[in-house]
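Reviewing the structure listed below.
Please treat every number below as a calculation from the coordinates, not as lab data. Note that the structure is predicted; figures quoted are calculated from it, not measured. Every residue, glycine as well, gets a Cβ built from its backbone with ideal geometry; the counts of neighbours run over all protein chains shown.
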Amino acid sequence: MKKQLARSPVRKFRCRPFVGMLALTPLLLSAGCANAAQSGEAQRKAVEAATKTAEYRVAARSALGRESKVILSGDLARDGHIQLLVVEPLSTTPQDAAPGTMMVSRAAILEQDGADWREIFLADAQLKNTEGFLGGTPRDAVNAWEMDYQQPPTGLTMFFTPLDQGAPEQSAIEVRWNAKGSLYQSLDRATGRFLAESSSLGPRPEFEMKQ
């Protein structure tokens, strides 16, 4: 007589696929809509950023030429206006330059004015704003500058040191945003006051102190 093998107990599950799918459908639709919304928002932001980058590049090239670069953009002066810090880097860096030092032949601040951009600061042969030559700018033309910048809460601060070989050493000229005058002006570090502009650079330019 053959022995019957004992059978393992069968575990049974009751599945309700239709009811389960009905319960899951809102969740799946919700997750799908959320993912689609996030993807759409990411794409929109990417397109917007690319458009701004292209616009900034065109403005920079219009101001300083094809070799120019936008190194800062946004509310640089902390006054609600979009500005660009644009530079034209030196084609060759001096051998004695410190690592990380920015060498430029020109630099400019452009401010957005509706659909246009206007130049409100320029560092080329001298330092200038819309009112004239900045206080402390050298009388002799400068071919290149060593440039540095900071972004404190009060707005963009820039430092310019002439790089002309053979010229007397000069300390960095500090240029800050003057909220009262809505201008980038040079600052007298000893007094903490802004220097007024000069309309021309004569033999002895005189720069009056300006609050």
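The alpha carbons of the range 103-168 stretch over 44, 24, 20 Å along the principal axes, in descending order.
Look at Glu146, Glu55 and count the other Cβ atoms within 10 Å of each Cβ; fewest to most, that gives Glu55, Glu146. Over all Cα atoms in the range 67-210, the spread is summed up by Rg and Dmax: 14.8, 44 Å.
Model label sites at Thr101 and Ala42, defined 7 Å from Cα along the beta-carbon direction, differ in position by 4.4 nm. Potential lengthening of the chain between Arg139 and Arg61 amounts to 25.3 nm, from the contour at 0.36 nm per residue minus the alpha-carbon distance.
Backbone N atoms of the range 136-159 closer than 13 Å to the 7 Å Cα→Cβ label point of Ala172 belong to residues 146-152, 157-159. When peptides 64-70, 131-137 are ranked by their average number of other Cβ atoms within 10 Å per residue, the highest-first order is 131-137, 64-70. Relative to the current alpha-carbon distance between Ala179 and Ala50, full extension at 0.36 nm per residue lengthens the span by 43.4 nm.
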